[in-house]
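Following: one structure in structure tokens, then a few remarks.
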Amino acid sequence: MKVMIAGAGSVGMAIGEDLINKGYDVIVMEREPSAVEKIAAKSAVPLVVGDACEVASLHKAGAGGVDVMVAATGDDEDNLVISLLAKQEFAIPRVVARVNNSKNQWLFNESWGVDVSVSTPQQLTALVEEAVSVGSLVRLLQFEHSNANLVEVTLASDSPAINTNIGDLRLPRDASIVGVIRDDRLIVPNDETILVNGDEVVVLVADEAEAQVRFVLCGESQA
């Protein structure tokens, strides 16, 4: 599988090195020749000088034979342009784009050629919430092209779900408990698993069912 990464900053290079170590065919595009010269002296990742926002540069770099494009520059406008060109001009099957400013997240969708968007600020916020929140539903991950989310709640002492079998919980049909973390140990749950105070419960749930999951696990109103 061939992967092209636009942007030889710390993020792009880290992705490139990880993918090469896993056996992928990787090339990184960077428009600043001085940056390429500097990076090439200390990295084994293949680099090419070129502006990934230009069709001619992408052609020259071999974008026509790429399986995955990663738009990883530090500029959201550039990442959107790169994503659109990758999808419309080169029909690259999978386009992954970095979101630098979470306020721009709404733009990173199919209309701009983006298959998967990655927002570091949003991910960090979710991790902070997950680490400090007890008794509140925290969204960890939103799946692209669907209304499914991965959410987590650490059960508080007043949770209505405590000392209840998962099978007896009145979870909506569009929700499933996929994991329970207890005392730093992962439990793969079944209907007989009893939830206890302090359990970290991970749920795969559709958007429209989140309110009911919140009510079942946290006791919060569905309104």
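The values are calculated or read from the model by the stated rules, or taken from the named source; none is laboratory data. Bear in mind that the values here come from a model prediction, so they are computed numbers and not experimental data. Note that each Cβ is placed from the backbone with ideal geometry, even for glycine, and that neighbours are counted across all protein chains shown.
Descriptive notes on the structure:
- Top-ranked residue in the range 68-91 [being without any contact (Cβ under 8 Å) to a residue 60 or more places away in the chain and assigned to a loop (DSSP other than H, G, I, E, B); ranked as surrounded by the most Cβ atoms within 10 Å (Cβ to Cβ)]: F90
- Hits in the range 11-42 - residues which are loosely packed, with under 14 Cβ neighbours inside 10 Å and either in contact with a Gly (Cβ under 9 Å, 6 or more places away or on another chain) or not in a loop (DSSP other than H, G, I, E, B) (or both): A14, D18, N21, P33, S34, E37, K38
- Residue among V201, V213 that is part of a strand (DSSP E or B) and within 23 Å of the chain's Cα centre (by Cα): V201
- The residue of the range 142-189 that is modelled with the lowest pLDDT, among those that are more than 13 Å from V201 (Cβ to Cβ) and surrounded by 15 or more Cβ atoms within 10 Å (Cβ to Cβ), is Q142.
- Filtered by the rule that a residue be in a strand (DSSP E or B) and of a type outside the set (S, T, N, Q), the range 161-198 gives A175, I177, V178, G179, V180, I181, R182, R185, L186, I187, I194.
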